[in-house]
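Working notes, structure below.
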Amino acid sequence: MSQRIGNRFLAAKKAGRKVLIPFMTAGDPHPDWTVALMHTLVDAGADLIELGVPFSDPMADGTVIQLASERAIEKQVSLDKVLQMVEEFRQTDTSTPVVLMGYMNPVEHYGRTRFPARATAAGVDGLLLVDCPPEERGDLGVAMQECGLDGICLIAPTTTRERVKNISSVASGFIYYVSLKGITGAGQLNLSGLIEPVSQIREFSDLPVAVGFGIKNAEMAVKVARYADAVVIGSALVEALSETKTEERACAVAEAFLAPVRKSMDNTA
């Protein structure tokens, strides 16, 4: 586990609080605002930031994040540009973990063995590749291990018990449980349905369990936090940011969205 991710989960556990992980798409609503938005989210209570790498075919994402990726790509936001954003963020924040969430294609183009070292040097702590199961990482996985870049693994409601066991044995950083079937931002979250799968993950792994997909507001975040070590909230935040026209307004919207979630989670810890 990367030092920043490990320290953040350990500190939260000691404080009796749950980790809050907002997702935002790098470069959306505007590339020049991304770093300021990251800092705003930290100030509003984010423990870890999941930064989406824009991709033209984000198959696991719903319309909101697909459109955010399209807008960012139109503004020439590449994987290298995302790493530059993380570098800039690290100039004044050396402690908040950053996990990149994306797809294999941009990493392939960058270089499977070249990318992990570059990402770590930029200040990235973990990598979540939706379309790259851990057994298919190959030389990328070796390079990630050598650089100390955590490979965040997804487990879904349809994942078999045997596969949960296998994934848990190779995951690092934390395990991300997808709380519903389908794409991000879709469906209704079945809270009672979290008990068994989260317990099963903990049977096979000591890593923290984060739950995401379908969490839209503070009320839902509080309920999910009863079962998980971390709560991921994404599409609702991305949608709230999508209509902003200035950096100042975008930061105000981000703070107004996330601060109540953090406060509600802390008040019911």
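No lab work stands behind these numbers, since they all come straight from the coordinates. What you are looking at is a predicted structure, and each value in this text was computed from that prediction instead of being measured. Cβ atoms come from the backbone with ideal geometry, glycine included; neighbour counts cover every protein chain shown.
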Amide N proximity, region 35-56 versus N7 label position 7 Å along Cα-to-Cβ, cut-off under 15 Å: 47-49
Whichever lysines have a C-alpha closer than 19 Å to that of K223, once near sequence neighbours (fewer than 8 apart) are set aside: K13, K18, K181, K263
Likely footprinting exposure, D43, D28, D266, D206, fewest C-beta neighbours within 10 Å first: D206, D43, D266, D28
Magnitude of the charge dipole, the chain, Cβ model with Lys/Arg +1 and Asp/Glu -1, debye to 20: 760
Cross-link partners of K165 among aspartates and glutamates (Cα-Cα below 15 Å; sequence separation of 8 or more within a chain): E135, E196, E203, D206
Charge-dipole axis of the chain as Lys and Arg at +1 and Asp and Glu at -1 on Cβ define it, positive-most pick from G234, N166, L10: L10
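Divide by every residue of the chain the summed helix terms, -39500 (n - 2.57) for each DSSP H run of at least 4, and state the resulting mean residue ellipticity at 222 nm, rounded to the nearest 500 deg cm²/dmol.
Counting only the DSSP helices, I get -14500 deg cm²/dmol.
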Proxy reagent accessibility, fewest Cβ within 10 Å first, across H30, H109: H109, H30
Gap separating the Cα centres of region 126-155 and region 3-66, nearest whole Å: 18
Residues of type lysines that K81 reaches as a straight line, Cα spacing below 27 Å, ignoring anything fewer than 8 places off in the same chain: K245
Debye intensity ratio I(q)/I(0), log10, region 98-188, q values 0.17, 0.18, 0.20, 0.22 Å⁻¹ (C-alpha model): -0.72, -0.80, -0.96, -1.11
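What ranking do L154, L149 get, fewest neighbouring Cβ atoms within 10 angstrom at the top?
Least crowded to most crowded, the residues run L154, L149.
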